[in-house]
Amino acid sequence: MTRQNESPGYQMLPRHLQTVGGRCFARAGFSRASCMNGRFPRHPWWTGHYQPSTYFPVNNWHPQHISRPYHYFGPHFPAIPTFPWFPPQSSWLHISHFNMDAKGDEQFRKRKKGMDDDDHRGTPWTKRPYPPASDLRVPPIPGTPEVFVPTGPQTKAKAAVVKRRWEDFGHHSQDAASKETFDFTVVSYNILSQDLLEDNSSLYSHCRRPYLFWNYRLPNILRELQEMNADILCLQEVQEDHYQEQIKPYLEALGYMCAYKARTGSKPDGCAICFKTNRFHLSLVKPVEYFRQNIALLDRDNIGLVLMLQPKTRWGRDIPMICVANTHLLYNPRRGDIKLTQLAILLAEITEVAQIQDGRFCPIVLCGDFNSVPGSPLHHFIKTGRLHYEGMTIGKVSGQEKYPRGQRILSIPIWPQSLGINQKCVYEPPEKVQERPERSLEEETKEKTDDWTAESDKRVESSLHHHFSLSSVYSHYFPDTGMPEITTCHSKSAITVDYIFYSAANNEVCRQPGSDIPSNGLQLLGRLSLLTEQDLWSVNGLPNETNSSDHLSLLAKFRLEL
Ligand code: KL2
C-alpha cells in the first residue's frame with residue numbers, strides 16, 4: 001500500500017506536494033513518524049530547516065527565492081534553497097509581496113480541521129532536524145536596553161520603530177534605600193512554538209513568510225532575551241528540541257540555569273523557567289501536569305512549572321525564598337471549566353511549596369499565558385482570590401470571545417472531589433475526601449430542596465477561593481487613552497492573555513493578622529510598557545521582522561525587603 005493510500009488527507013494535497021513531502025497535513029491516520037521517515041525528506045525546506053545548497057551561494061541569496069514552493073522554480077532550479085543562519089538585516093526590507101498567498105500555499109496549510117482543537121491528544125510527535133546550537137549566529141547585542149519594533153512601509157530600507165518604554169515606579173520606595181533589599185527582574189514570554197505556528201498557520205497569514213521560519217525567529221528571540229537580561233525567565237511554548245539543543249545551551253552560556261516541563265501528550269512544547277545562577281540558589285523544582293487519567297474533565301495536556309528560589313545576597317543570612325510559577329493554560333475559549341480546574345491545580349501546588357509558617361506564604365511570582373483576558377472571571381479569580389460561579393456558562397470564564405460559544409453552565413463543584421483539591425484550591429487530606437462520598441448533582445439538588453439553608457449552602461459551594469493575594473504587574477489599559485494593552489496579536493485577535501502576578505508588599509493579606517512580621521511581599525519597581533493594537537498593526541502585527549513571536553515579552557522589576 002502506498003503512503004497516499006494510507007492517508008485520505010494526503011491525497012487531497014496538490015500533486016506537487018504529494019511527491020515533495022514535508023509536514024503531515026492530516027494528523028488522523030498519518031503520523032508524524034510515518035511522514036518524516038521513509039521516502040520523505042528529513043529536511044522539509046519550508047519548516048525552516050535547510051540543507052546548504054551548492055547551487056545557491058549565501059551572498060546571492062534573496063528572500064524571494066523561498067517565497068514559493070520550490071516547484072515554481074522549474075526543474076533546473078535547486079531543489080532546496082539555502083536559508084543560512086544569519087541575523088536579521090535591514091537589507092531584507094526591500095522584499096516585496098511577502099504576504100502569504102492563501103491559494104496554493106499548501107505547505108503552511110492548517111493540518112487539522114476543527115476549531116479549538118489545540119490540545120487533542122494526537123499521534124506522537126517526531127523530532128525534526130535543526131542546526132546545532134554551535135551554528136547559531138546571534139546578532140551583536142547593542143548596549144541599549146530598549147526593545148525596538150520596526151514600522152513603516154515594507155519597501156523602505158530603514159525601519160521606523162515603536163518603542164516600548166521602561167516605566168519606573170522606583171520613586172515610591174526611596175525609604176527602602178536604607179534597608180536591606182534584593183531587587184530582581186522577571187520576564188514572561190510566550191515565544192510561539194514552531195510546531196504550533198505551523199499547525200495554526202491561518203493565524204499568521206498577515207506575516208511575511210521568511211519571518212515565520214524558525215531559523216529566522218530564533219536569533220531574534222534569543223537576542224531579545226539577552227537584551228532584557230532578566231534574572232528570571234518564564235517562557236511558554238518552548239518546543240522541546242529547540243529548548244534542548246538551542247535555547248538552553250544559549251541561556252546557560254549567559255549564566256542561567258534552566259528547568260523545563262514538557263506538555264503531556266503529543267504536542268512538543270512546554271514551559272521553561274531559567275534563572276541567573278549568580279542571583280539565586282535553586283531550592284526546588286516542581287513540574288505540574290494537569291492531565292488526569294481518571295478524570296474526564298482533565299483530559300488536556302497543559303502543564304505548569306514551579307520553582308523555589310533562594311536569593312543570593314552578600315549578607316548571607318536567612319533570606320526568604322521566592323516561589324516562581326509558570327504556566328500555559330488551555331487555549332480553547334469554550335472550556336472555562338477546564339481552565340479553572342487547571343488553575344486550581346497550579347494554585348494547590350503553589351500552596352504546597354510556598355507555605356512558610358503560620359499559614360503565611362513566601363513571595364510568589366506567577367507568570368504565564370492564561371488564555372484569559374483582563375476582567376474575565378478567571379482573571380478576576382486570580383486577582384481577588386474569590387469567584388462566585390453559580391449560573392456561569394463555561395464559555396464566559398476566559399472572556400476570549402465576545403459572543404461565547406460554550407453555553408453549558410459550570411457544574412457545582414466544577415471538578416470532582418476525586419481530584420483531591422477543595423474549593424479553596426488546596427490539596428485536601430485523602431481522609432477528608434473519603435468522608436464525603438461523591439454524589440450526583442441530582443442527588444445533591446434533591447436533598448437540598450426542602451432545606452432552608454440550601455440557597456446559602458449553594459452559594460458557598462459555588463464559590464472558589466485561594467489564599468494568595470496577587471497583584472498584576474500590568475494595568476491592562478493605558479491610563480491616558482483607556483486603550484487596552486495587548487500581549488498577543490495575530491490575524492484573529494489582539495488581546496491580553498499573558499500576565500505576571502506577584503504577592504504585593506503592601507497587601508495586608510501577606511501579613512499574619514495582628515503580627516509585626518514583615519509582609520514578605522514584593523514591591524513593583526518598574527515594567528516594560530506594552531503596546532496598543534494600533535501600535536502593533538503599524539508594524540504588521542506579530543510576528544514581524546524584529547519581534548518573532550505572536551506575543552510580546554512582559555518584563556518587571558521587583559524589590560524584596562529583607
Ligand atoms: O492564544 V495562545 O495560541 O495563548 O498563544 O495558546 C494556544 C493558541 C496555543 C497552544 O494550544 O496554540 C494556539 N485558534 C487559535 N489559536 C490556537 C488554536 C486555535 N484553534 N489552537 C491552538 N492555538
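Details
- Pairwise FRET efficiency - residue 355 versus residue 491, Cβ, R0 = 35 Å, nearest 0.05: 0.20
- Compactness ratio for segment 276-341: Cα radius of gyration over 2.2 N^0.38 Å (N = residue count) comes to 1.54.
- Annotation: for a label point projected 7 angstrom from Cα along Cα→Cβ of residue 284, residues of segment 331-348 with backbone N closer than 15 Å are 346-348.
- Segment 219-286: C-alpha gyration tensor shape, a/c 1.5 cut-off, then a/b vs b/c: oblate
- Residue 313-residue 264 pseudo-label distance in nm [points 7 Å out on the Cα-to-Cβ vector]: 3.9
- Probe 1.4 Å, protein heavy atoms only - accessible area per residue of segment 173-293 in square angstrom: 28
- Links that overshoot a 24 Å alpha carbon limit, given the list 402/492; 396/557; 179/286: 396/557; 179/286
- Spin-label model, residue 226/residue 277: points 7 Å from Cα along the beta carbon direction are separated by 1.9 nm.
- Between the amide H of residue 495 and those of 487, 488, distances stay under 5 Å, these residues lying 5 or more places away or on another chain, with hydrogens modeled in the peptide plane.
- Per-selection Rg to Rh, segment 193-311 - Cα, Kirkwood hydrodynamic radius: 1.01
- For segment 216-231, 3J(HN,Hα) per residue [Karplus equation, 6.51 cos²θ - 1.76 cosθ + 1.60, θ = phi - 60°, Hz, x = Gly/Pro]: 7, 6, 4, x, 5, 5, 5, 5, 5, 5, 5, 5, 6, 6, 6, 6
- All alpha carbon pair distances within segment 325-438 were sorted into 5 Å bins beginning at 0; the resulting P(r) in whole percents reads 2, 11, 20, 22, 20, 13, 8, 3, 1.
- For segment 243-253, 3J(HN,Hα) computed residue by residue from phi via the Karplus equation (6.51, -1.76, 1.60; θ = phi - 60°) reads 5, 5, 9, 10, 6, 4, x, 5, 5, 4, 5 Hz, glycine and proline entered as x.
- Span from the segment 361-433 Cα centroid across to the segment 273-332 one, whole angstrom: 19
- Spin-label model distance (nm) - residue 529 vs residue 179, 7 Å beyond Cα toward Cβ: 2.9
- ³J(HN,Hα), Karplus 6.51/-1.76/1.60, whole Hz, each residue of segment 414-427, x for Gly, Pro: 5, 10, x, 5, 4, 5, x, 10, 7, 6, 9, 6, 10, 5
The values are calculated or read from the model by the stated rules, or taken from the named source; none is laboratory data. Keep in mind that what you see is a predicted model, and the values were worked out from it rather than measured. Please note: Cβ atoms are built from the backbone with ideal geometry, for glycine as well, and neighbour counts cover all protein chains shown. Protein only, heavy atoms only, side chains kept; ligands, DNA and RNA dropped before computing areas. Shrake-Rupley method; radii C 1.70, N 1.55, O 1.52, S 1.80 Å.
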